[in-house]
Amino acid sequence: MAGRRIPVPRLEGVSQEQFMEQLYPQRKPLVLEGIDLGACTSKWTVDYLSQVGGRKEVKIHVAAVAQMDFISKNFVYRTLPFDKLVQRAAEEKHREFFISEDEKYYLRSLGEDPRKDVADIRKQFPLLEGDIKFPQFFKEEQFFSSVFRISSPGLQLWTHYDV
């Protein structure tokens with residue numbers, strides 16, 4: 001299956017009714033475009049995230065190359081204050097680094113206790129919550145997680161989707 005590409009449909013202007021009745025029952029990947037996600041799409045700059053996101057320590061992946069590979073594990077885990085991660089992830093070359101001056105960074109937010117808590121940006125980064133508008137495709141009690149991700153430009157990750 002490696003190297004085989006499967007096209008993923010891209011749909012715009014999908015209503016809650018259309019999603020629930022026609023798309024969700026298919027249980028297939030798709031990209032929903034044109035959905036109002038709130039002010040985060042315009043407010044979230046490097047400066048804004050650094051200031052509002054704060055100095056909370058976050059666990060990150062650091063790689064010397066842009067193609068991060070989970071199978072060969074060509075990355076290391078490190079910890080940085082959130083504001084420093086945001087600043088470093090935006091840089092091409094780093095004055096401070098773990099591996100090399102052109103290393104790449106990746107944050108996948110986790111719950112406070114990664115073994116028990118699911119990722120929820122509303123809990124892990126409450127000051128950013130007001131900037132996000134979650135599409136109302138599901139009832140609130142069906143909401144499972146909202147994984148907050150930040151990466152360096154050009155970073156490529158292994159891809160998957162959870163079934």
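Odds and ends about this structure:
- The chain, accessible area per residue, ligands and nucleic acids excluded (1.4 Å, Å²): 71
- Among Ala89, Ala66, Ala39, the largest mean-square fluctuation in a Gaussian network model of the chain (Cα springs under 10 Å) belongs to Ala39.
- Residues Tyr106, Tyr77, sorted by accessible area with the largest first, give Tyr77, Tyr106 [1.4 Å probe; ligands and nucleic acids excluded].
- Counted over the chain, the DSSP beta bridges are approximately 70% antiparallel.
- Toward the positive end of the charge dipole of the chain, with +1 on the Cβ of Lys and Arg and -1 on the Cβ of Asp and Glu, the farthest Cα among Pro81, Ile6, Gln67 is that of Gln67.
- About the Cα centre, charge dipole magnitude for the chain (Lys/Arg +1, Asp/Glu -1 at Cβ), debye: 460
- Cross-link partners of Lys133 among lysines, defined as those whose alpha carbon lies under 25 angstrom from its own and excluding same-chain residues fewer than eight positions apart: Lys28, Lys43, Lys56, Lys123.
- The magnitude of the dipole of region 43-92, with charges of +1 and -1 set on the Cβ of Lys/Arg and Asp/Glu and taken from the Cα centre, is near 220 debye.
- Under the Debye formula (equal points on every Cα, no solvent term), log10 I(q)/I(0) of region 36-151 at q = 0.12, 0.14, 0.21 Å⁻¹: -0.48, -0.65, -1.24
- The fraction of accessible area contributed by carbon and sulfur in the chain is 52 percent, rounded to a whole number (1.4 Å probe; ligands and nucleic acids excluded).
- Note on Ile6 and Lys84: their simple-model spin labels are 4.1 nm apart, each label 7 Å out from Cα toward Cβ.
- Separation of region 1-63 from region 65-124 is 18 Å, based on Cα centroids.
The values are calculated or read from the model by the stated rules, or taken from the named source; none is laboratory data. This is a predicted model, so every value here is computed, not measured. Don't worry about glycine lacking a Cβ; one is built from the backbone with ideal geometry, like all the others, and counts go over all protein chains shown. Please note that ligands, DNA and RNA were not included when accessible areas were found on the heavy atoms of the full protein model with its side chains. Shrake-Rupley method; radii C 1.70, N 1.55, O 1.52, S 1.80 Å.
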